[in-house]
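Below you'll find the structure, written out as structure tokens, and then a few comments.
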4 protein chains.
Amino acid sequence: MQLGMIGLGRMGANMVRRLIAGGHDCVVFDRSPDAVNQLVAERATGASSLEDLVQKLEQPRALWLMVPAAVVDETIDALLPHLAPEDILIDGGNSYYVDDIRRAKALSARGIHYVDVGTSGGVWGLERGYCMMIGGEPATVKHLDPIFARLAPGIGNIDRTPHRDPAKGTAEQGYLHCGQNGAGHFVKMVHNGIEYGIMAAYAEGLNVLAAANVGKQTHEIDAETTPLRDPEHYRYDLDLADIAEVWRRGSVIASWLLDLTAGALSEDPTLGKFAGRVSDSGEGRWTIKAGVDEGVPTPVLSAALYERFSSRGNAELQNKLLSAMRYEFGGHNEKPSA
Amino acid sequence: MQLGMIGLGRMGANMVRRLIAGGHDCVVFDRSPDAVNQLVAERATGASSLEDLVQKLEQPRALWLMVPAAVVDETIDALLPHLAPEDILIDGGNSYYVDDIRRAKALSARGIHYVDVGTSGGVWGLERGYCMMIGGEPATVKHLDPIFARLAPGIGNIDRTPHRDPAKGTAEQGYLHCGQNGAGHFVKMVHNGIEYGIMAAYAEGLNVLAAANVGKQTHEIDAETTPLRDPEHYRYDLDLADIAEVWRRGSVIASWLLDLTAGALSEDPTLGKFAGRVSDSGEGRWTIKAGVDEGVPTPVLSAALYERFSSRGNAELQNKLLSAMRYEFGGHNEKPSA
Amino acid sequence: MQLGMIGLGRMGANMVRRLIAGGHDCVVFDRSPDAVNQLVAERATGASSLEDLVQKLEQPRALWLMVPAAVVDETIDALLPHLAPEDILIDGGNSYYVDDIRRAKALSARGIHYVDVGTSGGVWGLERGYCMMIGGEPATVKHLDPIFARLAPGIGNIDRTPHRDPAKGTAEQGYLHCGQNGAGHFVKMVHNGIEYGIMAAYAEGLNVLAAANVGKQTHEIDAETTPLRDPEHYRYDLDLADIAEVWRRGSVIASWLLDLTAGALSEDPTLGKFAGRVSDSGEGRWTIKAGVDEGVPTPVLSAALYERFSSRGNAELQNKLLSAMRYEFGGHNEKPSA
Amino acid sequence: MQLGMIGLGRMGANMVRRLIAGGHDCVVFDRSPDAVNQLVAERATGASSLEDLVQKLEQPRALWLMVPAAVVDETIDALLPHLAPEDILIDGGNSYYVDDIRRAKALSARGIHYVDVGTSGGVWGLERGYCMMIGGEPATVKHLDPIFARLAPGIGNIDRTPHRDPAKGTAEQGYLHCGQNGAGHFVKMVHNGIEYGIMAAYAEGLNVLAAANVGKQTHEIDAETTPLRDPEHYRYDLDLADIAEVWRRGSVIASWLLDLTAGALSEDPTLGKFAGRVSDSGEGRWTIKAGVDEGVPTPVLSAALYERFSSRGNAELQNKLLSAMRYEFGGHNEKPSA
């Protein structure tokens, strides 16, 4: 079927490629004409403006927005004058699901359908397919099924889940209509919250392994320093790249994130191109807020998020306060950096 | 080659089966004669006692202990009078690596070699192979290579890691000589610590999803209860089994633990056979202690462990203390269970 | 000066008493006529309705709302038709500061001044005075100074802070104009977030003390249970009431919350009237959300909140999921409750 | 009574002063003759060596060690040849209680009594008195009562705890015989664990307050950055020194640590002499380990400890790993420092 794609960054462009390879017809627009031209060279139809894009699509139109969450609303506003009732707007980016609820309601008043799609897969989606979590009206989501089916990974060579009824919907194809508007991004939000937690679990564990040689170091003895009681228990020089690799086969913690970690460590065991300032992009934060609203405890997911905050230096003031208190009650001076 | 296996529980028996299927010769012993007889029926050589087992093995012997960590020492003590210099004792259970260091030193004085093997794979190892993390002297570990190579999963159909030198050791076969004695169980310990963290990440996230319908519930208004500010943001009835399934393909958080979670939820979405009293079996605790000794922060791994403690009711007193303080300063009475 | 008080619960009634004792003139209203009559008997002027209350106050009026956060808006709506420009509405309850911002803006359009006051002191405020954190326009807050000065504890017998300029405002009297509207409740919100953290710190520590005798218990040995390695290190029967008491004098962790804890433990060391279902009343949650918005890591405050969630059974599903995963990968059955 | 004091650092010297002021007779030794001479000038009896100190004490001797935990054992070893049965060794430093158990057992074989005393009070103890938590045999502890009673703060002007039986021991004097050997340092260990948690609660909360103006900053919009949804909710410039001050009177979170924080912020609101590298000195770590051994969840105390680890840069590798994973799955580059 025909789809308009707005936003041809990493994700949008590759989705178009995957759709075209599946025989779908894509009309594409991006603020960068180069991005448009590149895909035109790969058999997409180019558009020179949002209006041009709309006019090149047959009604009812299906338009997929793959733009930063911060510009979704302005893009919708720019599109609206050109749309007609029954047209479908799909937000495939990382919007906050609360915005989906608001947008769906507002667009519904104009007869326009809104679909929110949380998309996981990153730079690997072109090859592996995109895992999609979808929110919207059932009829609209059903109408778009050919698009979702093509973008999704499909069953592939991954074993079917025991006990699962094969007739039960599309989940095992890698896409799922989760519920009414916002449900897609809600599920994607929590997906990312979990992702933070899993990443942190590996990172913490690997750091415990990396420090397994602290017993080889010598420490001075003073009232400010706890000597290591059993230095002979910490004299291992472990090869993190090998360890990540060995866990990839047969271990309980095998995962795609582990595969990637093994790759990064194989390429450079020192991870020298990173300083350790870890970004977070919204969903992890929103997951914590949702848990707080619901009264669901999320200590692991929260800790993972907070490690990222700290990695960017955001705990500096609280650390200074701790040193100041120690100085006040015990006369402790800060030890200089080793 | 020939191997003696002591302890024919879930893990030990399946390892023997996998070795026999690979052409190795296994002499087996267990306190339960039935367990021995079962494997004799599957072409193992049975032993009626530890002494009998030792005598049925050719020197230098290789004996694999697959017994609860708490009885490893007494088993070694019982074996010792029958062993000869150059014999090899392999502890494949979940020993604390600190015990490995102690044992290796003590056995070394008698000319006996000790190898610690952390083994992951659980009930699935027979089919998938066992991921093994190994500590010990290089020559001893090398001598046992045929055993490890057979028990391990091998490369299988899992993609090779980019940038990895194929000549770099056995890690991509699913087994690794990690370092000197204790290194195997140290790495396995951290593996399990990570496992706790990953499991908790999924569990917390899925609970946030399960509670996405709290906005449908009505709450009374009083000074003790925070009303949900935006109940219209929490009106989703999400299907956890479908969601776990959809993440299995193409998503960033695909993993074997997720596969298992999808299976459990497909079998029974209510998880009715579980009360939620989660055991922990040592490695998670030791990982936290190692991080503490090393000065490595492990907030995620710790939170995961503590959730298990709480699930078993261990936080009861501290919760009562919180209620008591609230009563003291604010006259707040506990709200009865809903 | 004259003040109208709406809401004569624990807090409101005692504030009126403290004001009357200080020579102020209070007109009071509550939905319960009994509550009004009680204070009339203590020299307040009673009002039979909100309208009656407004009419008994001289312009510009100062009305203090001490009602549950959930009914502040409806109370303001009911008052509005009777108010005149320059009247002052004070919200002394536990409103979300975001609501203060909204209300101040809306009321400002009608010429009415809004002041938000976060109040700490609980049932002890009548005797100790109330610590007040205030948000609003400087002139309005200044106008109300006699009220705040009377309700506040004053310097009392607490030592002055070294290095502090005595001319620097009212903070050392126990009340503070924190900033524009919302600032009062923002600071109170964080105050409560900190309170949760401190309470949890004591509660956790005391539970570690209470369990210092676990080495006296016997544990069965199986693969599901980690035996305590050094039971001889955990054979202390500690008296928590005595320990809380001893810390009250001279220790670094002396505090009013500790005083209360010592009292609760002295009254009943078993805390038998509490089940350990700990409520939370909003500010703790909002503090976490503010930290998340700001990118400030709050692992301690979050952990404290989550312990409360768990104490009320909210982690049940995630715990079941953990047990289900353990069963799937390792065949582990849940251990029955001890 | 007569007491020998070994170690005349901050704590030891002030304890001697407090004892002398109370009429006790102190013989003192330190590796630094200057430290000894200083106290001799204040009416202590000086000793030129450990042996000299022992000889200047009447039997049965009471010797108080106030030396770094790391040198307690060697100090005891040096003293031993000179001691006689029934002499008493008191370790008033920050020893690990496990060492107390070991030492008490070993010394007992020689007829020497060992007492462990956890001491809180820091640089303020001379003036306020020392809070002491004591472990040892009842008769020995009773024998030393005059020393403890003098060092302790006494009831002072702190209110008695309601419901507490005034005849119930010495706790309300600020010292307590907690139990057998090790109990004193066990209780002190947990005291410090709690201290870390309380300090972190204040520090986190104050940082949330400090960042309450993030809405005034401008942020660029890109896929890596979550824009602040409601910048108008974060436009407060709060005065932390004033806020810490206002909480000192009448609030639920008043405490001695808050008093000190208010002092530090009054002296320098920027805390400019601190870099935020926060030390930890053992007890916090041991508290976590004890909780882990006991199965008691300590999420708050652990988070507080881990913040200190991170403040010293110990999370660097795990942060790099997170950035590496993000790069691998999403092509995300680290954002440069702002």
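The values are calculated or read from the model by the stated rules, or taken from the named source; none is laboratory data. Just so you know, these numbers come straight off a predicted model, no measurement behind them. We place every Cβ from the backbone using ideal geometry, glycine too, and count neighbours over all the protein chains shown. Protein only, heavy atoms only, side chains kept; ligands, DNA and RNA dropped before computing areas. Shrake-Rupley method; radii C 1.70, N 1.55, O 1.52, S 1.80 Å.
Using a probe of 1.4 Å on the protein chains alone, the accessible area found for residue D:294 is around 20 Å².
Over the protein assembly as shown, what percent of the accessible surface lies on carbon and sulfur atoms, probe 1.4 Å?
Carbon and sulfur atoms account for 50 percent of the accessible area of the protein assembly as shown.
Which percent, nearest 5, of DSSP beta bridges in the protein assembly as shown are antiparallel? Taking every DSSP beta bridge within the protein assembly as shown, about 20 percent pair in antiparallel fashion.
Measuring heavy-atom accessible area with a 1.4 angstrom probe and counting protein chains only, the residues of region A:173-201 that give up at least 40 Å² relative to the chain alone are A:176, A:180, A:186, A:187, A:190, A:191, A:194, A:195, A:198, A:199, A:201.
Given +1 on the Cβ of Lys and Arg, -1 on the Cβ of Asp and Glu, and no further charges, what dipole in debye does region A:188-313 carry about its Cα centre, rounded to the nearest 20? If you can, show how the numbers build up before the last one.
Numbers: 12 positive and 19 negative charges, 75 e Å.
The calculated dipole for region A:188-313 is roughly 360 debye.
When residue B:270 is represented by a point 7 angstrom out along its Cα-to-C-beta vector, the spacings to that point in the other copies are 3.5, 5.9, 6.4 nm, nearest first. Which helices, taking whole DSSP H runs in chain A, have alpha carbons extending 24 angstrom or more along the helix axis plus mean Kyte-Doolittle at least -1.0? Both cut-offs are met by A:183-210. Report the residue, chosen from D:92, D:295, D:12, that carries the largest GNM mean-square fluctuation when chain D is represented by alpha-carbon nodes joined by springs under 10 Å. Ranking D:92, D:295, D:12 by mean-square fluctuation puts D:295 first.
Interface between chains C and D: roughly 7800 Å² of accessible area buried, both sides summed (probe 1.4 Å, protein heavy atoms only).
Be a star and scan region C:138-155 for residues whose amide nitrogen sits under 14 Å from the point 7 Å along the Cα-to-Cβ vector of residue C:168. Answer for this model: none.
Exposure check, 1.4 Å probe, all protein chains in place: residue A:168 carries approximately 70 Å² of accessible surface.
Label point of residue C:58 (7 Å along Cα→beta-carbon): distances to the other copies' equivalent points are 7.7, 8.1, 11.2 nm, sorted ascending. The rotation axis taking chain D to chain C passes closest to the C-beta of one chain D residue; that residue and the distance in whole Å read D:255, 2. Could you work out which residue, out of B:100, B:237, B:73, moves most in a Gaussian network model of chain B, that is, has the largest mean-square fluctuation with Cα springs under 10 Å? Residue with maximal mean-square fluctuation among B:100, B:237, B:73: B:237.
Among beta bridges from DSSP that stay inside region A:2-181, the antiparallel ones total about 20%. Ascending distances from the residue B:24 label point to its copies in the other chains, with the point 7 Å along the Cα-to-beta-carbon line: 5.0, 6.5, 8.2 nm.
Find the all-direction average of the projected area of the Cα convex hull for region C:5-139, expressing the result in square nanometres with one decimal place. The partial results should precede the final answer.
On the way: hull surface 30.4 nm².
Dividing the Cα hull surface by four gives the mean projection, 7.6 nm².
Based on protein heavy atoms only, chain A ends up with 35 Å² per residue of surface accessible to a 1.4 Å probe.
Calculate how many DSSP beta bridges within chain C are antiparallel, expressed in % of all such bridges and rounded to the nearest 5. It would help to have the intermediate numbers written out before the result.
Working: 5 of 27 bridges.
Within chain C, antiparallel bridges account for around 20 percent of the total.
When nucleic acids and ligands are ignored and a 1.4 Å probe is applied, residue C:234 ends up with an accessible area of around 10 Å².
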